[in-house]
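Readers should treat all values here as calculations from the given coordinates under stated rules, not as data from a laboratory. Quick caveat: nothing in here was measured; it's all calculated off a predicted structure. Cβ sites come from the backbone with ideal geometry, for glycine too, and all protein chains shown count toward neighbours.
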Amino acid sequence: MLAPLPITRPRQIIFFGTPDVAVGPLRSLVSSGLTVALVVTGEDKRRGRGSDVSPSPVKVVATELGIPFSHHVSDAIELAKKQTETLGVVVAFGHIFTDEALDILPMINIHYSLLPRWRGAAPVERAILEGDRETGVSIIQVAQQLDAGNIIAQVATDISQTETLAELRSRLEALAEPLLLDVCQNGVSSSRPQEGVPIVAKKISPTDVRLSFFGSAEHACRQIRIGGAFSYIKGKRLKVLTAERVSGMTIGVGEIHLVNGQVFVGFGEDAIQLQTVQLEGKPISEASSWFNGARINAGERFDEQHQ
């Protein structure tokens, strides 16, 4: 049984979140005058090279704002038992809540998709990768099943066909803020079940961003827009950071050509112009500088079969 959502402004909020994407919502709640009584976040861990551990981005901000923090959901449950007019706000927390937690503490979650499409770990990435024309933000009640709770508020937005993952995320975060604050300041007046067939947004794997030149140039550009796209040339891994589709340019599949100082790769009837790339072990460079430095021969192909 889910704890009932507040119909008026809650006395206090318990915030659950860990990565950078959760920092903005936490700051918004505090700056709007809402009482954030506790922050629950992931354990300190190694976040870079070296053996030292460091706190999560959310823990850093909680400390800066003077908000008590914990790494244990049980502390949130105990606090909610003492003050029943409490609302949990969940943003990229990364943990499944127990039935006990859901029974005691009403919780809402910001999810960056038009649910039920793209439930799960990578909704923004999957929307871009699949060529969706629109996405959005959903404020939902946290339920036992992942991202399956009732929709409290939702807003849609078009996806530009050149928009990168970072750009789209930034827009979605801006759209989410007023929705979140409205719910937290005024309570929940209504909600509705999700309608439609759920589609799961699985975490992005290397297979998802490995470029295949036997596919379409459009799909390759989507892979590049979500970040991490790569292929192999002369046995070395090459990341493609930025590129642009060029229609009607016929180059052999996977072939690399330098035309008027610009680097193009063929997809049959279309091509992509490589703009910035990074060869393994090397810094980011302009594609033309890489082409010349690597001594690529005109018409040479990417290594489709490299493992």
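For region 127-141, 3J(HN,Hα) computed residue by residue from phi via the Karplus equation (6.51, -1.76, 1.60; θ = phi - 60°) reads 4, 5, 4, 8, x, 4, 8, 8, 8, x, 10, 10, 9, 10, 7 Hz, glycine and proline entered as x.
A straight chain from residue 250 to residue 72 at 0.36 nm per residue would run longer than the Cα-Cα distance by 58.3 nm.
By DSSP, what percent of the beta bridges with both residues in the chain are antiparallel, rounded to the nearest 5?
In the chain, DSSP labels about 65 percent of beta bridges as antiparallel.
Using just its DSSP H runs of length 4 or more, each adding -39500 (n - 2.57), the chain gives a mean residue ellipticity at 222 nm of -8000 deg cm²/dmol after division by all residues. Using the Cβ-Cβ distance between residue 286 and residue 63 with R0 = 35 Å, the FRET efficiency computed as 1/(1 + (r/R0)^6) comes to roughly 0.25.
For the options 126, 222, 46, a Gaussian network treatment of the chain with springs between C-alpha atoms closer than 10 Å singles out 46 as fluctuating the most. Whole-Hz Karplus values for region 186-194 come out as 10, x, 9, 8, 7, 8, 9, x, 5 Hz, taken residue by residue from phi with 6.51 cos²θ - 1.76 cosθ + 1.60 and θ = phi - 60°; glycine and proline positions read x.
The aspartates and glutamates within cross-link reach of residue 202, meaning a Cα-to-Cα straight distance under 17 Å and a gap of 8 or more places when in the same chain, are 125, 130, 132, 147.
Return the FRET efficiency for the residue pair residue 297, residue 208: r is the Cβ-Cβ distance, R0 is 25 Å, and the value is rounded to the nearest 0.05.
About 0.25, to the nearest 0.05.
The length gained by stretching the chain between residue 260 and residue 219 to full extension, at 0.36 nm per residue less their Cα-Cα distance, is 12.2 nm. Calculated FRET efficiency, residue 20 to residue 84, Cβ-Cβ distance, R0 = 22 Å: about 0.10 to the nearest 0.05. Note on residue 44 and residue 130: the model spin-label points, each 7 Å out from Cα along the C-beta direction, lie 4.1 nm apart. Gain on full extension, evaluated as 0.36 nm per residue between residue 278 and residue 121 minus their Cα-Cα distance, stands at 53.8 nm.
Backbone amide hydrogens, once placed in the peptide plane, bring residue 237 within less than 5 Å of 280, excluding anything fewer than 5 places away on its chain. Projecting label points 7 angstrom from Cα along Cα→Cβ for residue 186 and residue 236 puts them 5.8 nm apart.
Amide hydrogen proximity for residue 120: with H placed 1.01 Å from N in the peptide plane, the residues at 5 or more positions away or on another chain lying under 5 Å are 201.
Put simply, the amide H of residue 88, placed in the peptide plane, has neighbours under 5 Å in 14, 107, 108, leaving out anything fewer than 5 places away on its chain. In order along region 70-87, the phi-based Karplus estimate (6.51 cos²θ - 1.76 cosθ + 1.60, θ = phi - 60°) of 3J(HN,Hα) comes to 8, 9, 10, 4, 4, 5, 5, 4, 5, 5, 5, 5, 7, 10, 5, 7, 10, 10 Hz; Gly and Pro are listed as x.
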